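Notes follow the structure.
Just so you know, all these numbers are worked out from the coordinates, no wet-lab data involved. Keep in mind that what you see is a predicted model, and the values were worked out from it rather than measured. Reconstructed Cβ throughout: ideal geometry from the backbone, glycine too, with neighbour counts over all protein chains shown.
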Amino acid sequence: MKLSEETLKVLKNFAGINPSILIKPGNNISTQAIAGNIVAEADIQEEFPVEFCLYDLVQFLNTLKLFANPVLDFRNADQNFMYICEEDNIDFKVQYTFAKKKHIVYPERKPVMGTPDISFDLDVDTLATVMKASNVMQLPHIMILPDVEGIKIEVSDAKNPSSNKFSINIDGDAPKDKEFKLIFKTEVFKMLPSNYHVDIVGNKVSSFESDKVDYYIGLDPNSQF
């Protein structure tokens, strides 16, 4: 079994959410932050034949780089390991041991979203601009706020009203004449670059859905709706 470049990008992204992962049989992979505030899932082109756990996903991805064309051999999966082999030389291989499931934090079920109160589209360029502003200005929060023309995304320090601020207006569906302050910690924005449709339910949970990966992200408890 070979892993595509697209799948490798997803796994690298997931490693930034949780260093460990449980992979189930099939072509859907998912992960959950240890704190429980981020869940991500993706449908990939490969189909895994067995369930297995990787304790250090970054180490696994780096091990693949030892090979020019790595393939995964699961024929010994019942012995709690797989082989990583060179495609044209199966004698050049690494025996890679699986972790125990009880040592892995993983999503037990897909998050259930209620009826969204706020919805908008977040394109790849706007997302990149927001993340660049947060990094350059070293600001800890990304907020969704009402605006006369729709919705405003603001990068600032929610705990410091006099902090520097970056903002950008976007189109979206939100309750009219209602004040809200929906706060995300900048550190939870771990999405791959893509165009996303965003739904937010109250001041609790949000979904960022794309054609690559879907993310479910909890809001900061100081959010107001």
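Treating cross-link reach as a plain straight distance, find the lysines whose alpha-carbon is under 16 Å from the alpha-carbon of residue 93, omitting any fewer than eight places away in the same chain.
Partners within reach: 2, 65.
Which whole-Hz couplings ³J(HN,Hα) result when phi for each residue of segment 55-60 is put into the Karplus expression 6.51 cos²θ - 1.76 cosθ + 1.60, θ = phi - 60°, listed in order with x for Gly and Pro?
Along segment 55-60, the couplings run 6, 10, 5, 5, 4, 4 Hz.
For the pair residue 113 and residue 165, what calculated FRET efficiency results from E = 1/(1 + (r/R0)^6), where r is the Cβ-Cβ distance and R0 = 25 Å, to the nearest 0.05?
Using R0 = 25 Å, I get an efficiency of 0.30.
When the chain is modelled as a GNM with alpha-carbon springs shorter than 10 Å, which of 176, 12, 190 fluctuates the most?
176
Any chance you could list the semi-axes, whole Å, largest first, of the equivalent ellipsoid that the Cα gyration tensor gives for the chain, using √(5λ)?
Working: eigenvalues 301, 57, 46 Å².
Computed over the chain, the values are 39, 17, 15 Å.
List, in the order given, every pair from 152/212; 176/212; 24/212; 102/190 whose Cα-Cα distance in the structure shown is over 20 Å. Each step should come with its number before you reach the end.
Values: 152/212 25 Å; 176/212 32 Å; 24/212 18 Å; 102/190 25 Å.
Cα-Cα > 20 Å for 152/212; 176/212; 102/190; rest within.
Round to a whole angstrom and tell me the spacing of the C-alpha centers of segment 154-225 and segment 51-124.
Taking the Cα centre of segment 51-124 as reference, the centre of segment 154-225 is 29 Å away.
Scan around residue 163 for amide H atoms under 5 Å from its own, H built in the peptide plane at 1.01 Å from N, and keep only partners 5 or more places away or cross-chain.
157
How large is ³J(HN,Hα) for each residue in segment 161-177, as worked out from phi by the Karplus curve 6.51 cos²θ - 1.76 cosθ + 1.60 (θ = phi - 60°), to whole Hz, x for Gly and Pro?
Result, rounded to whole Hz: x, 9, 5, 4, 9, 10, 9, 8, 8, 9, 7, x, 9, 8, x, 6, 6.
Please state the charge dipole magnitude for the chain, taken about the Cα centre, from unit charges on C-beta atoms (+1 on K and R, -1 on D and E), reported in debye and rounded to the nearest 20. Walk me through the numbers on the way to the answer.
Values: 23 positive and 33 negative charges, 185 e Å.
Here the chain has a charge dipole of around 880 debye.
If each DSSP helix of 4+ residues adds -39,500 (n - 2.57) and the sum is divided by the residues in the chain, what number results at 222 nm, nearest 500 deg cm²/dmol? Write out the running numbers ahead of the final one.
On the way: 3 runs with 33 residues, N = 225.
Counting only the DSSP helices, I get -4500 deg cm²/dmol.
What list of ³J(HN,Hα) couplings, whole Hz, do you get for segment 23-39 from phi and the Karplus terms 6.51, -1.76, 1.60, once you set θ to phi - 60° and write x for glycine and proline?
10, 9, x, x, 10, 10, 10, 8, 8, 9, 4, 4, 6, x, 8, 9, 10
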